[in-house]
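Enquirer: Here it is: the structure, laid out below.
The values are calculated or read from the model by the stated rules, or taken from the named source; none is laboratory data. A quick note: this is a predicted structure, and the numbers were derived from the prediction, not measured. Ideal geometry is used to build each Cβ from the backbone, glycine not excepted, and the neighbour counts take in all protein chains shown.
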Amino acid sequence: MLAGTSLVFTLLYALPAGIISALNRNKWIDYLLRVASFVGVSMPSFWLGLVLIYIFGLKLGLVPIASSRVTPIGVILPAVTLAVVVGSKYMRQVRLVILEEMQKDYVIGARARGVSEMKILFGHILPNAVLPLITILGVVIGWLLGGVAVIEMVFSWPGLGNMAVYAITMRDYPLIEGFVLWVALAYMCINALVDASYILLDPRLKRERA
């Protein structure tokens, strides 16, 4: 639940921000988004979580504090915390990939033919940029599925990361081995799905394979 919600928030934040930043390269909005991403990457996740708890939990009373129950409201703050940290990194990757595609010959040729910028973006740039973005997203999903111990402990979230810390503290070796096995299987499955999605997203790979 936490991983899925964090992934949704990450995509809602990182994809539009990265695309807007790339399309407005070296303009004020690009600088603003790059500074925001730099702050998000540099900010300690546990500190951001504590600040959100203090503001929205203690002062405003909008979310429960230190509750071990899994509720739709309780997942918002830890998911937002993870989305800020992960989304800031992913936004920078989206910007770099889009900028790289914008400098290629097919984009320059489309502009010379008078094709609109929006048609170039949605019809050419994004379809060609989706493969590297999917690859990076697979790493993010594997990391989230493995549990985020610091965030889970800050928000008292009963997740895998919290369980792993408890197992290490209690020297529960079978549980630790099970956690390591789960993380390994999660990364393997995610990478397999990412590789399989390449053929669906880019038919050229299917023809080359044939």
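Okay, residues lined up against (1) assigned to a helix (DSSP H, G or I); (2) of a type in the set (A, V, I, L, M, F, W, C):
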| residue | (1), (2) |
| --- | --- |
| 17 | yes, yes |
| 56 | yes, yes |
| 71 | no, no |
| 80 | yes, yes |
| 88 | yes, no |
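Enquirer: Can you list the helices (runs of 4 or more DSSP H) found entirely within the range 95-195 that contain at least 2 residues being in contact (Cβ under 8 Å) with a residue 60 or more places away in the chain and within 30 Å of residue 64 (Cα to Cα)?
Expert: Filter on the range 95-195 gives 126-145, 149-154.
Enquirer: Residue check: is residue 33 surrounded by 15 or more Cβ atoms within 10 Å (Cβ to Cβ) and not basic (Lys, Arg)?
Expert: Here the answer is yes, as residue 33 does meet what is asked.
Enquirer: If residue 58 satisfies every condition in (1) crowded, with 19+ Cβ neighbours inside 10 Å; (2) farther than 28 Å from residue 190 by Cβ but one, which is the exception?
Expert: (1)
Enquirer: Sort out which residues of the range 55-90 are over 24 Å from the mean Cα position of the chain (by Cα) and touching a residue at least 24 places away in the same chain (Cβ under 8 Å), and write them in order of number.
Expert: Passing the criteria: 66, 67, 68.
Enquirer: Give the residues of the range 35-54 that are over 12 Å from residue 86 (Cα atoms) and in contact (Cβ under 8 Å) with a residue 60 or more places away in the chain, sorted by residue number.
Expert: Result: 46, 49, 50, 53.
Enquirer: Can you find, within the range 63-86, the residue that is modelled with the highest pLDDT among those that are in contact with a Gly (Cβ under 7 Å, 6 or more places away or on another chain) and under 30 Å from residue 127 (Cβ atoms)?
Expert: 84
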